[in-house]
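Colleague: Got a structure for you, written out below as structure tokens; questions coming shortly.
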Amino acid sequence: METSTSSESLNSLAAFAPDDATRGVWRAHLEEIALNDGETLFHQDEPADSMFFIESGEVAVVLEVDGVSRSHVRKFGAGQCLGEIAFYRQRVRTATVEAVGSAVLWRLTSANLARLEGKHPALALSFHRHVASLMAERLSFSNQELKEPLARLAHALRGLATSDFSEQGWDRPGVTEAAERHDEVGAVAQAMEFLVARLQEHIAALRQETAAREAIESELRIAGQIQLSLLPPPPSAAERQRVDFAAHIDPAKEAGGDLYDGFFLPDGRFFALVGDVSGKGVSAAVFMALAAMAVRTLVRNIGDPGTLLAQVNRLLCERNETMQFVTACAVMFDPASGELTWANAGHPLPAIVSANGDLVWLEGPRAAPLGVFEETVFETQRRVLAQNETLIVYSDGVSESMNAQSALFGSEGIQRCLQGSALNHSEDAVKRIVAAVLAHQGDAPQADDLTLVALRPMR
């Protein structure tokens, strides 16, 4: 930026320096600024210690947004002043000003104005009156040329929002027309057009993502329906005369990873199983279905729970490229003798509730989950399930249910809701545990599948 102290012409100050004597005074208080095309007079956010009068050429007011854009909002020509508002209010610059072509300006600093007011108060008063008249003209211009168009743009912006950012229902042509202006109105209208374009891009992308998500959710719902179809039907009236069996399953998502089964074997024993596949979603659902079908296929020809789990484990290990696994507890109950046999593959311990409400955990060896090690041995355990005793088998979605404070329901929660009161039916046990889990969970989201079965001899 070039500066000089010469003053060949002071025509831009004729309104308050009409004669040579007055101009001579001003000559001592002004500094001439010569700008080349694109050269900056001052930057946005700089301290305002000067105001300027344009002698010749044009300058443009530029709004700058960090990391976004810069835009010419207005131009000033010969005879106009700029920077006076920040100068008088002693604030920082609200915009950047740069030359459009060559321009010559006169700069008045706050220090020189103070000296002028001390030495030539009448001349300073005339100057202040002149600046006041320029500011009044600018205010009038703002009211007539800016206020009404900006109000129309504000109305269009509200219409855009109420129309859900569509092409209809708001003054799109008015915004397009206003965007052709080279002032503040044009800058706002251009920003609106940019906003509309970006919003419509995002809305189109959101619609695509929503459609894709809905397709996935539809597939998950179908997977969940297929899973439910794999569950056993309720026992028939004849079967209920031999064994009292109840079950509950509540997936945390559309497709879960828990499974249960319960049906009579050809030799008259009742088979029950609860399993829990690692992970969630479609992959867990598919692995669960594979495990359920393997159990159904093999159990009718295998009379021992440990042998059954060993065979299922080998099948799951053969092609387990996803490295998933399933914990399981398999139970066989003979209604005639009361003999209960079971094997545990990394699953939570089952429990027995006595006739007087005492709860006993079935401690014993727990092998690795199914699908991990092909040669795992699953030990079969035995005991007699007496009249009025109830067997409880559940997934960890019961014991690991959390409330809003992240406190677990735990095995203690199961014990609390069953302890000290006799059970009349298996359904009593299931309902008590489910109600207690839901009460503990409260408003917290369900984090895992909730599955349990109860089995007891008929009287």
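Every number here is computed from the coordinates shown, using simple stated rules; none is lab data. Keep in mind it's a predicted model, so treat the numbers as computed, not measured. Methodologically, a virtual Cβ is constructed for each residue, glycine included, from the backbone with ideal geometry; neighbour enumeration extends over all protein chains shown.
Colleague: Near the amide H of Ala95, under 5 Å away, which other amide H atoms are found, from residues 5 or more places off or on another chain, if H is placed in the peptide plane?
Modeller: Residues meeting the amide H criterion: Asp45.
Colleague: Under the 0.36 nm per residue contour assumption, what length would be gained going from the current alpha-carbon distance of Asn424 and Ser411 to full extension?
Modeller: Details: separation 13, 0.36 × 13 = 4.68 nm, distance 2.17 nm.
Additional length available on full extension: 2.5 nm.
Colleague: What FRET efficiency comes out for the pair Leu438/Ser163, r = Cβ-Cβ distance, R0 = 51 Å, nearest 0.05? Display every interim value, and only then the final one.
Modeller: Details: r = 43 Å, r/R0 = 0.85.
Here the calculated transfer efficiency is 0.75.
Colleague: Within straight cross-link reach of Lys280, meaning Cα distance under 17 Å, which aspartates and glutamates are found once same-chain residues fewer than 8 apart are removed?
Modeller: Candidates past the 8-residue exclusion: Glu217, Glu219, Asp250, Glu254, Asp258, Glu321, Asp396, Glu400, Asp448, Asp449.
Colleague: Given R₀ = 60 Å, what would the calculated FRET efficiency be for Val92 paired with Ala21, taking r from the Cβ atoms and rounding to 0.05?
Modeller: On the way: r = 36 Å, r/R0 = 0.61.
After rounding, the FRET efficiency stands at 0.95.
Colleague: For His120 and Glu239 in the same chain, what is the full-extension length gain: residue separation times 0.36 nm, less their Cα-Cα distance, in nm? Don't skip to the end; give the middle numbers.
Modeller: On the way: separation 119, 0.36 × 119 = 42.84 nm, distance 11.46 nm.
Residue separation times 0.36 nm, minus the Cα-Cα distance, leaves 31.4 nm.
Colleague: Within 10 Å, count the other beta carbons around each residue, average over each peptide in 166-177, 416-427, 342-353, 365-376, and list them highest first.
Modeller: Working: 166-177: 14.0, 416-427: 15.5, 342-353: 22.8, 365-376: 18.2.
Ranked by mean Cβ neighbours within 10 Å, highest first: 342-353, 365-376, 416-427, 166-177.
Colleague: Another one. To test your reading of the geometry: what angle, between 0 and 90 degrees and rounded to tens, separates the Cα axis of helix 281-299 from the longest principal axis of the chain?
Modeller: Taking the Cα atoms of the chain, the angle to 281-299 is about 10 degrees.
Colleague: OK, next. So how do Arg207, Arg314, Arg74 line up by other beta-carbon neighbours within 10 Å, fewest first?
Modeller: Lowest to highest Cβ neighbour count: Arg207, Arg314, Arg74.
Colleague: Nearest 10 degrees is fine. How inclined is helix 305-318 to the longest principal axis of the chain, computing both from alpha carbons?
Modeller: Its long axis makes an angle of about 40 degrees.
Colleague: What do you get for the angle between helix 426-441 and the principal long axis of the chain? Use alpha-carbon atoms, 0 to 90 degrees, nearest ten.
Modeller: So the helix axis and the longest Cα principal axis differ by about 20 degrees.
Colleague: Given the DSSP H assignment, sum -39500 (n - 2.57) over each helix run of at least 4 residues in the chain and divide by its residue total; what's the result at 222 nm in deg cm²/dmol, nearest 500? Don't jump to the answer; show the numbers that get you there.
Modeller: Values: 13 runs with 180 residues, N = 459.
About -12500 deg cm²/dmol.
Colleague: Work out the FRET efficiency for Thr322 and His155 from their Cβ-Cβ distance, taking R0 = 45 Å, and round it to the nearest 0.05.
Modeller: On the way: r = 57 Å, r/R0 = 1.27.
FRET efficiency, Thr322 to His155: 0.20.
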